[in-house]
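Undergrad: Input: one structure, supplied below.
The values are calculated or read from the model by the stated rules, or taken from the named source; none is laboratory data. Everything quoted here is computed from the prediction, not taken from an experiment. Here the Cβ is made from the backbone with ideal geometry for all residues, glycine too, and neighbour counts use every protein chain on show.
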Amino acid sequence: MADKKDSMSVNEAGRKGGEATAASHDKAFYQDIGSKGGQASGGNFKNDPERAAQAGRKGGQNSGGNFANDREKASEAGRKGGQHSGGGHNS
C-alpha cells in the first residue's frame, strides 16, 4: 500500500480525471451526449412501465417503512398524520 503522503485524495483524483477527460473532448461531444440524456438509459422506467412497477413492488416489500410488516408502526403513523392534518380529535 502506498504511503499516505504519496497518495491522492478521492476528490483530487476525480478532479484530475475530469480535467483529462475535458481536455480530450470538444464542446460538440458534450452537447451530443447531453442532448441524449437518459433516453437510451436501461434504467429509464419511462420506457418500460412494467419494469417500473416491478421495481416499485420490490422496493415496497424490502422497505423498512412497509406498514404491512408492522401494524403498530402503521397505526402510529396514522395517528400522527391525523393530528398534523388538523383532522385529529386531540386538538
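Undergrad: What's the number of the only condition in (1) out of contact with any helix residue (DSSP H, G or I) (no Cβ under 8 Å at 6 or more places or on another chain); (2) surrounded by 10 or more Cβ atoms within 10 Å (Cβ to Cβ); (3) at pLDDT below 75 that Asn66 fails to meet?
TA: Here Asn66 clears every test but (1).
Undergrad: I would also like to ask the following. Would you say Ala13 is at pLDDT 90 or above, surrounded by 10 or more Cβ atoms within 10 Å (Cβ to Cβ), hydrophobic (A, V, I, L, M, F, W, C) and more than 30 Å from Ala55 (Cα to Cα)?
TA: Yes.
Undergrad: Within region 34-46, count every residue that is surrounded by fewer than 10 Cβ atoms within 10 Å (Cβ to Cβ) and either modelled with pLDDT of 85 or more or not in a helix (DSSP H, G or I) (or both).
TA: 5
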